[in-house]
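Student: I'd like to ask some things about the structure below.
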4 protein chains.
Amino acid sequence: MFFASDNAGPVHPKIMERVLQANAQHAMPYGNDAIMEEVRAGIRRIFEAPQAAVYLVATGTAANALALASYCAPWQTIFCAETAHINEDECNAPEFYAGAAKLTVIPTEDRMTPDALRAAILPREPGNVHSAQRGPVSITQVSERGTVHALEELRALTAVAREFDLPVHLDGARFANALAALGCSPAEMTWKAGVDVVSFGSTKNGCMGVEAVIFFDPAKAWEFELRRKRGAHLFSKHRFLSAQMAGYLQDDLWLTLARQANDNAAHLAKGLQAAGAEFLHEPDANMIFARFPRNIHQSLHDAGAQYYLWNDLLEGDDPEAMLGARLVCDWSISRTQIDAFLSHFP
Amino acid sequence: MFFASDNAGPVHPKIMERVLQANAQHAMPYGNDAIMEEVRAGIRRIFEAPQAAVYLVATGTAANALALASYCAPWQTIFCAETAHINEDECNAPEFYAGAAKLTVIPTEDRMTPDALRAAILPREPGNVHSAQRGPVSITQVSERGTVHALEELRALTAVAREFDLPVHLDGARFANALAALGCSPAEMTWKAGVDVVSFGSTKNGCMGVEAVIFFDPAKAWEFELRRKRGAHLFSKHRFLSAQMAGYLQDDLWLTLARQANDNAAHLAKGLQAAGAEFLHEPDANMIFARFPRNIHQSLHDAGAQYYLWNDLLEGDDPEAMLGARLVCDWSISRTQIDAFLSHFP
Amino acid sequence: MFFASDNAGPVHPKIMERVLQANAQHAMPYGNDAIMEEVRAGIRRIFEAPQAAVYLVATGTAANALALASYCAPWQTIFCAETAHINEDECNAPEFYAGAAKLTVIPTEDRMTPDALRAAILPREPGNVHSAQRGPVSITQVSERGTVHALEELRALTAVAREFDLPVHLDGARFANALAALGCSPAEMTWKAGVDVVSFGSTKNGCMGVEAVIFFDPAKAWEFELRRKRGAHLFSKHRFLSAQMAGYLQDDLWLTLARQANDNAAHLAKGLQAAGAEFLHEPDANMIFARFPRNIHQSLHDAGAQYYLWNDLLEGDDPEAMLGARLVCDWSISRTQIDAFLSHFP
Amino acid sequence: MFFASDNAGPVHPKIMERVLQANAQHAMPYGNDAIMEEVRAGIRRIFEAPQAAVYLVATGTAANALALASYCAPWQTIFCAETAHINEDECNAPEFYAGAAKLTVIPTEDRMTPDALRAAILPREPGNVHSAQRGPVSITQVSERGTVHALEELRALTAVAREFDLPVHLDGARFANALAALGCSPAEMTWKAGVDVVSFGSTKNGCMGVEAVIFFDPAKAWEFELRRKRGAHLFSKHRFLSAQMAGYLQDDLWLTLARQANDNAAHLAKGLQAAGAEFLHEPDANMIFARFPRNIHQSLHDAGAQYYLWNDLLEGDDPEAMLGARLVCDWSISRTQIDAFLSHFP
């Protein structure tokens, strides 16, 4: 019963198979391997973006920090949700890579709203040398609270960015889960919606450790290569990153896995709801934030269930007190496990 | 009628006199001048801090950024008021000097409160490698909204910092104005209240361009000297910084000037109040945030008065609409000017 | 006939097997996996260093830059060979990670000498705030010219560092090859010789992409964890780094592979020597720098041999002109390939 | 008898007079003062560069570091003389401001040569992502060894830079002394010779603390303003920087003072030569590097003469041993002092 995170699950066998296949003879290092050609072509096709510059790195934080740095001068500020991974969970990596730029955080409940974004941008007036200058807007899709921006919501956010002539980054650590939830095309959720650069997450959805950075405007390509190397994120045996991504993309495995993860979460959410749990945020994809009584937490805990309590502590007196939980499903969680989890509810 | 800022006024004649006196023969460069000895001794005496390390730089931003960097690792976050100069008006200098550290801003009305500070610190849990680590707390005294933290308020803030074992920086760009307002001793407003390092502002209060950085614990001394040089803030003809500060400290000129500035502001505030203006914040020192009708703004504007409108625009239809103004008095503003300003009110 | 680099070869099957074994169920992320426990214990045992702090990253540049940053303040200078990877091949990553520190490069033929090191250190006098301050010494073993520092040479270099109280980093991208060449113990080549921190390379010697950073003094441990995360080098599915390293260490596979690579190079060198090639540097481990006539290069080139010309161009008129070559053997090169290569020599 | 440096002398009375004149009423802060208009126009006229962007900072290190950062990406390397101030005397400020860029130092005797420059540039091949990328060339005029590049030498250096499409910075901490030595126009020594940006030093030549940064291409203007503010080098009471520079430029005072300093040095050099001293470098401007016997040093030392021994120690046994000295003359040194100094020679 592992619901702690989707970053801790196994690698899908078909992805591992591609890794094994790649392990023959010598291959050109540093991204010049033949598999990378396949990956580049595949991503361009999937995103309907024949000019896109496509790069691989091994961690989501590297993807975000390098992508943002490509669009952020050191005297600018990135605009992001208060809850964003880049603000909460990357130990200042975005600031580091962007040369000591600032993050301006936007008060966020479920997900960033256009009004809140505009309110954060407005005070940083252009031409005022004393202020941090306006820089890129970073949107997280699936948000860190498990909600998914509808296409029109995404477009409304990027419209605000365009209003101020600011570039837009999409943190897609759970890109596939969002896409599966919306049922739209990758292009619709990115460049057609006004996104300039995407962190295309894969690790959480069945890979070993690989994320793509996709620039729809290839003008940033060479600078990105230098930034990646300078950040020590250029792999010599790059073919093993390529192989993971190739396996991930093949036969739409990435979508299959995301749908599986979302379905798992939906099944879990349905069971929780039936059992009277309260949701802190709408469970749109594969993450659930729910509250239920302490004694059920205790029972699950005793049975070895793994997940994070959400701003609450297990310790306490009142068995009926409602405590928050973050429950994440990856593709590999079985219905058996979910049902075992749900069996602790009355 | 210049009320735009206290950063634009003249240098007091006695300070200029010391600068002229310093201009004889050669003097040892880079802070090894004899006048700096006098300054160091003077500040140590005034602050009752015989061990303090004392340095001079030429700008307030340099003082703040270098002082904070001395207490902030690149993976930490500085806690400060949303309204703080380091957040709003230094174009990422603190982030730059602190090696790409983060600023966590605290929602602030009049001035930072202990509860809001604690609420900002708490989520950055120690031992969590993903989060920015807790770093120094920066308090602005006089605050950027013209209010002054009472001694017990200061102590309550530093108590929160101590609770989490965090160092405390005081941005004293208007240190003298705050001290004059509180009527306490420099030691009471700093190390006795739990402050570790002070930006002791002087430029706004009659100097040409000099600020002291005072470390009550001299352990940071040599590192600060390296940081100052690396930041290009070490002056060869340092004696001219020393001379300004020497003149500023002599015969308590600094306090005399601050009292003069505060008295000017009090006189102005009294007149505004009598005329029915509304105060946005309590005018504790030498800055006033007030609202009064558009037609009076227009009349002042036509007469050449200089000050910033506060989140409002002069243009508009309604002559009775209440518009905000920031009015700053320095020591050099005459009663005549203030009364001329007030004469535009009915 | 692939002699271009040891960074482009396959992963050893036993290492891949451990990766496959690791792919079961969920595992704690971010270095808290059980395999990392095994790795840590293994490295401590091999290095006879029960207190050592051991970390894994995926690239050699990350290992070097993070290790050096842990011992280098931004106002210091790293001392290294002119030929060092950190100077020539890391696109300013060491400067980036060390917060804009300087590299002072030491003129180097075969490898760094104590006299040249001392001559580089001496002018940066302590207490001079204008100069970059003295920082860590970085030694490359195997050097970038294929030579190996004898133990007494290593000790002579670290003795110079100690003379000035400077920490010592060992860039061991080819650690195993050096150890195999010297026939000493890991402890003898590191902490017993005065080394403080090691980049323990593995990728070039049969892994997919993993390097260990080993601190003999664990005082830097937590700071390193923060630096690694901030650099975006902390893997969520860390077990796959651990698994590679576990396979690499098991049954001394790492030494077996290094001996194989060195033997391959020795066989190649012997053949080259017999054929009249000239060596630019002594081929102590698995890299050969040799010169032989253009027409042989042409013949090899036509046959598809892959390697770098060394400061020379294939294009030219004189078939007898002696051109340099860098020839690197990894463990996977077969005798057949080497003999095929040598068959082009008269 | 003060020959230690030209950074420690008095401010010329006419410059101080302008500072005093500037001290009336309020003036617009942050470079928007009226005197800056005069300065900008004056520098544009003097340099025959009506489009030039002109900025003031207070230290030479700030001028150099900010000017170079404007032309150097973090993944590039600056090319400079081994002896350059930016390499030897700025405690990594250029690296800091350029976002952790590298300095590639060029072996230098008297001054940088085109061949040595080319040899340093060549190995950093474009398109190689592993290497630091080629960045700006920085030339020091007067060089740190007191020599002056002839115009054709300057042009030969900038021709090498242009060959590789690299921008050129001139560190003119002693710009006026060089100009006086060459007898050419400011335009001839800068943009007509292929220089893109100049640090126009003034502090060493009679000012209190002010240096101009002059961009002949104004495209960098706004970015420079942001860099200056972010570096904490933007003065609120900027008029006092402007006033110094205005006084310095008025009636060609800057050239008068430089000629005076050069004449002083020529007088001193002539006397030293007559007394049998050996010159380490040609004393082209206002700095002399000479060797003479220890007993004369001792005699001068006892008489209170101040200057730096050059790579030698006063302590020693042999009274006839030849020891090096660096002797710098500023405009304020009197003939009486020089003759008093020379009177210690036989």
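The values are calculated or read from the model by the stated rules, or taken from the named source; none is laboratory data. Bear in mind the structure is a predicted one, so any value in this text is a computation, not a measurement. In this analysis, Cβ positions are derived from the backbone assuming ideal geometry, glycine residues included, and neighbour counts consider all displayed protein chains. Please note that ligands, DNA and RNA were not included when accessible areas were found on the heavy atoms of the full protein model with its side chains. Shrake-Rupley method; radii C 1.70, N 1.55, O 1.52, S 1.80 Å.
Student: Within segment C:113-128, identify whether any single residue is crowded, with 24+ Cβ neighbours inside 10 Å and within 14 Å of another protein chain (Cβ to nearest Cβ), and answer yes or no. Working first, answer last.
Tutor: From segment C:113-128, those crowded, with 24+ Cβ neighbours inside 10 Å are C:117; that's our starting set.
Next, only the ones that are within 14 Å of another protein chain (Cβ to nearest Cβ) stay: none.
Within segment C:113-128, not a single residue is crowded, with 24+ Cβ neighbours inside 10 Å and within 14 Å of another protein chain (Cβ to nearest Cβ).
Student: Would you mind finding the one in A:LEU56, A:LEU20 that is outside the structural domain of A:HIS297 (by TED's automatic domain parsing), among the aliphatic types (A, V, I, L, M) and assigned to a helix (DSSP H, G or I)?
Tutor: After applying the criteria, what remains is A:LEU20.
Student: Failed condition for C:PHE79, given (1) touching a residue at least 40 places away in the same chain (Cβ under 8 Å); (2) surrounded by 24 or more Cβ atoms within 10 Å (Cβ to Cβ); (3) within 11 Å of another protein chain (Cβ to nearest Cβ), with all others met?
Tutor: Exception for C:PHE79: condition (3).
Student: Still on this structure: Can you spot a residue in segment C:129-138 that is open to solvent by less than 20 Å² (accessible area, probe 1.4 Å), within 14 Å of chain D (Cβ to nearest Cβ) and of a type in the set (A, V, I, L, M, F, W, C)?
Tutor: Yes; the residues of segment C:129-138 include at least one that is open to solvent by less than 20 Å² (accessible area, probe 1.4 Å), within 14 Å of chain D (Cβ to nearest Cβ) and of a type in the set (A, V, I, L, M, F, W, C).
Yes or no, residue by residue, for (1) closer than 27 Å to B:GLU38 by Cβ; (2) in contact with a helix residue (DSSP H, G or I) (Cβ under 7 Å, 6 or more places away or on another chain); (3) open to solvent by 60 Å² or more (accessible area, probe 1.4 Å); (4) among the aliphatic types (A, V, I, L, M):
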residue	(1), (2), (3), (4)
B:ALA221	yes, no, no, yes
B:PHE224	yes, yes, no, no
B:LEU255	yes, yes, no, yes
B:ASN264	no, yes, no, no
B:HIS281	no, no, no, no
B:ALA305	no, yes, no, yes
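Student: List every residue pair whose Cβ atoms lie under 8 Å apart, where the two residues are 6 or more positions apart in sequence or sit on different chains, the first residue falls within segment D:89-105 and is within 15 Å of C:ALA98 (Cβ to Cβ) and facing chain C (nearest Cβ under 8 Å), and the second residue, located anywhere, is acidic (Asp, Glu) and open to solvent by less than 10 Å² (accessible area, probe 1.4 Å).
Tutor: What qualifies is D:GLU95/C:GLU95; D:ALA100/C:GLU95; D:ALA101/C:GLU95; D:ALA101/D:GLU95; D:LYS102/C:GLU95; D:LYS102/D:GLU95; D:LEU103/D:GLU95.
Student: Continuing with this model, one more query. Considering only residues that are assigned to a loop (DSSP other than H, G, I, E, B) and open to solvent by 50 Å² or more (accessible area, probe 1.4 Å), look in segment C:38-53 and name the one that is nearest to the other protein chains (Cβ to nearest Cβ). Spell out the reasoning first.
Tutor: Narrowing segment C:38-53 to residues assigned to a loop (DSSP other than H, G, I, E, B): C:47-52.
Then keep just the ones that are open to solvent by 50 Å² or more (accessible area, probe 1.4 Å); that gives C:48, C:50-51.
On the way: C:GLU48: 28, C:PRO50: 24, C:GLN51: 20 Å.
The residue in question is C:GLN51.
Student: Follow-up question, since we're still on this one. From C:SER199, C:SER143, grab the single residue that is part of a loop (DSSP other than H, G, I, E, B), modelled with pLDDT of 95 or more, on the phi < 0 side of the Ramachandran plot and open to solvent by less than 30 Å² (accessible area, probe 1.4 Å).
Tutor: Only one candidate qualifies: C:SER143.
Student: Working only within segment C:156-184, note down all residues that are touching a strand residue (DSSP E or B) at 6+ places or on another chain (Cβ under 7 Å) and of a type in the set (Asp, Glu).
Tutor: Selection gives C:ASP171 alone.
Student: Please work out if C:MET208 is assigned to a loop (DSSP other than H, G, I, E, B) and under 19 Å from C:ALA8 (Cα atoms).
Tutor: Yes.
Student: Only one of these conditions is not met by A:ARG162: (1) open to solvent by 10 Å² or more (accessible area, probe 1.4 Å); (2) part of a strand (DSSP E or B). Which number is it?
Tutor: Unmet condition: (2).
Student: If you don't mind, there's one more thing I want to ask. Quick one: is C:ASP110 modelled with pLDDT under 95, open to solvent by 10 Å² or more (accessible area, probe 1.4 Å) and more than 27 Å from C:GLU223 (Cα to Cα)? Please lay out each step first, then the result.
Tutor: On the way: modelled with pLDDT under 95: yes; open to solvent by 10 Å² or more (accessible area, probe 1.4 Å): yes; more than 27 Å from C:GLU223 (Cα to Cα): yes.
Criteria met by C:ASP110.
Student: Right, next: Would you mind telling me which numbered condition in (1) within 29 Å of C:PRO114 (Cβ to Cβ); (2) within 14 Å of chain A (Cβ to nearest Cβ); (3) not in a helix (DSSP H, G or I) C:TYR71 fails?
Tutor: With (1) within 29 Å of C:PRO114 (Cβ to Cβ); (2) within 14 Å of chain A (Cβ to nearest Cβ); (3) not in a helix (DSSP H, G or I) applied to C:TYR71, the lone miss is (2).
Student: I've got another one for you. Which condition number in (1) surrounded by fewer than 19 Cβ atoms within 10 Å (Cβ to Cβ); (2) within 21 Å of B:ALA243 (Cβ to Cβ); (3) in the same structural domain as D:ILE139 (by TED's automatic domain parsing) is the one that D:ALA4 fails?
Tutor: The one condition D:ALA4 does not meet is (3).
Student: Now, a different point. Could you say whether any residue in segment B:313-326 is surrounded by 22 or more Cβ atoms within 10 Å (Cβ to Cβ) and of a type in the set (A, V, I, L, M)?
Tutor: Yes; the residues of segment B:313-326 include at least one that is surrounded by 22 or more Cβ atoms within 10 Å (Cβ to Cβ) and of a type in the set (A, V, I, L, M).
Student: Let me ask something additional. Looking at segment B:169-189, can you tell me whether even one residue there is buried (at least 23 other Cβ atoms within 10 Å of the Cβ), of a type outside the set (Asp, Glu) and within 14 Å of another protein chain (Cβ to nearest Cβ)?
Tutor: Checked segment B:169-189: at least one residue is buried (at least 23 other Cβ atoms within 10 Å of the Cβ), of a type outside the set (Asp, Glu) and within 14 Å of another protein chain (Cβ to nearest Cβ).
Student: For a quick check of your reading of the model, give me the residue pairs whose first member lies in segment A:121-140 and is at positive phi and not assigned by TED's automatic domain parsing to the domain that holds A:GLU88, whose second is in a strand (DSSP E or B) and open to solvent by less than 40 Å² (accessible area, probe 1.4 Å), with beta-carbon atoms closer than 9 Å and at least 6 apart or on different chains.
Tutor: From segment A:121-140, no pairs qualify.
Student: Would you mind stating whether B:ALA63 is small (Gly, Ala, Ser), facing chain D (nearest Cβ under 7 Å), closer than 17 Å to B:CYS207 by Cα and in contact with a strand residue (DSSP E or B) (Cβ under 8 Å, 6 or more places away or on another chain)?
Tutor: Criteria not met by B:ALA63.
Student: Is it true that C:ILE35 is of a type outside the set (Gly, Ala, Ser), in a helix (DSSP H, G or I), away from chain A (no Cβ under 14 Å) and over 19 Å from D:ASN128 (Cβ atoms)?
Tutor: Details: of a type outside the set (Gly, Ala, Ser): yes; in a helix (DSSP H, G or I): yes; away from chain A (no Cβ under 14 Å): no; over 19 Å from D:ASN128 (Cβ atoms): yes.
In short, no.
Student: Taking the conditions exactly as written (open to solvent by less than 10 Å² (accessible area, probe 1.4 Å), at positive phi and not in a helix (DSSP H, G or I)), does C:CYS91 satisfy them or not? Spell out the reasoning first.
Tutor: Working: open to solvent by less than 10 Å² (accessible area, probe 1.4 Å): yes; at positive phi: yes; not in a helix (DSSP H, G or I): yes.
It is true that C:CYS91 is open to solvent by less than 10 Å² (accessible area, probe 1.4 Å), at positive phi and not in a helix (DSSP H, G or I).
Student: Let me ask something additional. If I go through segment B:226-283 residue by residue, how many of them are more than 14 Å from every other protein chain (Cβ to nearest Cβ) and part of a loop (DSSP other than H, G, I, E, B)?
Tutor: 7
Student: Continuing with the same structure: Any idea which residue in segment A:13-32 is nearest to the chain's Cα centre (by Cα), counting only those that are within 27 Å of A:MET287 (Cβ to Cβ) and either more than 9 Å from every other protein chain (Cβ to nearest Cβ) or at pLDDT below 95 (or both)?
Tutor: Checking each candidate, the answer is A:ILE15.
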